[in-house]
Amino acid sequence: MAGKEEMDYIYSLIDTIFRLSLGETGDFSGAMYNGDFALTLEQAQEKKHRFIAENLRIGKGSKVLDMGCGWGPLLRYLTDLGAQAKGVTLSSGQAASCRKAGLDVEIVDCRTITPRTFGRFDAVASLGAFEHFCSVEEWQAGKQDAVYDGFFRTVADLLPVGGRLYLQTMVFGRNMIDYEQIDIHAPRDSTPYILASMRRQFPGSWLPFGDAQIERNAAPYFRTLFKSSGRLDYIETIKQWGRHYRSFDLRKYAFYLSLVPRWIASPTLRERLSRDQLRSNILCFQREVLDHYRLVFEKN
């Protein structure tokens, strides 16, 4: 699993830019357009939050855990509903931002949570964190199913019978290539190069092979109530993020200028903040090398 160092590399590095572009509690996971691309990004994110709350049956007084809470958008939404919402993340930047916004967030590894940690919950949500639970090395060692089984067992221990889990994650799509073909020296528009670039962007992380692998590992603990592909929605979400990143804000562009010395000195920073990263993500989903799923589970 990607640990705290990898999470800080992925998320804390872009913390200031993200908050200045999308707000203090902006959502860094796929929005829910369901084909209505006339919606603004903010409307589509709220539509997703409402869907989650309704399907997890969250209301006033509900106790909810958000595993991999990001900058706290779902926590904010659920708190406004009157729920007792707690979040965990491994990113120091995200945790600090959430706490500044008055949200209840801890820096905790999802793998270590037991009922003794925070008690039990009525519902659990996890948006985008599942993508980081298994490393390339664990997959190569044949441990991927065991990693996912451990996650679902952990969540099941936190819920009563009938308690629900919302899971949103990228997966490898039907056009995923063999691992041996991934090559950072391949032509820049090629799938081998794009996947190699994304591997650099998300060190320590490896995706499940489709929705079937997720459901297979959830089955001993949960039954599936809902499942849908959000691939097209995710393409639109990434496009909207790009527009927000480029939109003018005096504080944001002052921050960009402050990065110039580091930008010149650090190839890593140049790569992380390159527009090619967003383009690579979009191409992976357009080519169906990657897919994106939303699932609602109920504990057996």
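The values are calculated or read from the model by the stated rules, or taken from the named source; none is laboratory data. Everything numeric in this text was worked out from a predicted model, so none of it was measured. Methodologically, a virtual Cβ is constructed for each residue, glycine included, from the backbone with ideal geometry; neighbour enumeration extends over all protein chains shown. Quick note on the areas: whole protein, heavy atoms, side chains included, nothing else; ligands and nucleic acids left out. Shrake-Rupley method; radii C 1.70, N 1.55, O 1.52, S 1.80 Å.
Here are Arg57, Arg99: which of them is surrounded by fewer than 24 Cβ atoms within 10 Å (Cβ to Cβ) and touching a residue at least 40 places away in the same chain (Cβ under 8 Å)?
Just one listed residue meets the conditions, Arg57.
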Checklist line | Residues (surrounded by 18 or more Cβ atoms within 10 Å (Cβ to Cβ), in a helix (DSSP H, G or I), in contact with a Ser or Thr (Cβ under 9 Å, 6 or more places away or on another chain) and not acidic (Asp, Glu)) located in the stretch 194-229 | finding: Ile194, Leu195, Ser197, Met198, Ile214, Ala218
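Being in contact with a helix residue (DSSP H, G or I) (Cβ under 9 Å, 6 or more places away or on another chain), under 23 Å from Gly230 (Cα atoms) and either aliphatic (A, V, I, L, M) or assigned to a helix (DSSP H, G or I) (or both) is the filter here; which residues of the stretch 124-143 pass it?
If the condition is that a residue be in contact with a helix residue (DSSP H, G or I) (Cβ under 9 Å, 6 or more places away or on another chain), under 23 Å from Gly230 (Cα atoms) and either aliphatic (A, V, I, L, M) or assigned to a helix (DSSP H, G or I) (or both), then Val124, Ala125, Leu127, Ala129, Phe130, His132 are the ones that fit.
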Check: Can you name the condition, by its number, that Cys284 falls short on among (1) modelled with pLDDT of 80 or more; (2) in contact with a Phe, Trp or Tyr (Cβ under 8 Å, 6 or more places away or on another chain)?
Finding: (2)
Check: From the list Ile113, Ile107, which one is of a type outside the set (Ser, Thr, Tyr) and either open to solvent by less than 20 Å² (accessible area, probe 1.4 Å) or touching a Cys at 6+ places or on another chain (Cβ under 6 Å) (or both)?
Finding: Ile113
Notebook entry, point to check: Taking Leu65, is it part of a helix (DSSP H, G or I) and surrounded by 22 or more Cβ atoms within 10 Å (Cβ to Cβ)?
Noted result: no
Next item on the list: Tell me which of these Thr191 doesn't satisfy, since it passes every other one: (1) under 29 Å from Glu46 (Cα atoms); (2) more than 16 Å from the chain's Cα centre (by Cα); (3) touching a residue at least 40 places away in the same chain (Cβ under 8 Å).
Entry: (1)
Check: With Gln43, Gln94 as the choices, which residue is without any contact (Cβ under 8 Å) to a residue 60 or more places away in the chain, closer than 30 Å to Ser247 by Cβ and out of contact with any Lys or Arg (no Cβ under 6 Å at 6 or more places or on another chain)?
Finding: Gln43
Notebook entry, point to check: So which of Lys47, Lys60 ends up being out of contact with any helix residue (DSSP H, G or I) (no Cβ under 9 Å at 6 or more places or on another chain) and over 17 Å from Tyr166 (Cβ atoms)?
Noted result: Lys60
Margin query: Based on this model, can you work out whether Val147 counts as touching a strand residue (DSSP E or B) at 6+ places or on another chain (Cβ under 7 Å) and open to solvent by 70 Å² or more (accessible area, probe 1.4 Å)?
Written below: no
Margin query: Testing Ile264 on (1) among the β-branched types (Val, Ile, Thr); (2) open to solvent by 80 Å² or more (accessible area, probe 1.4 Å); (3) modelled with pLDDT of 90 or more, one condition comes back false. Which one is that?
Written below: (3)
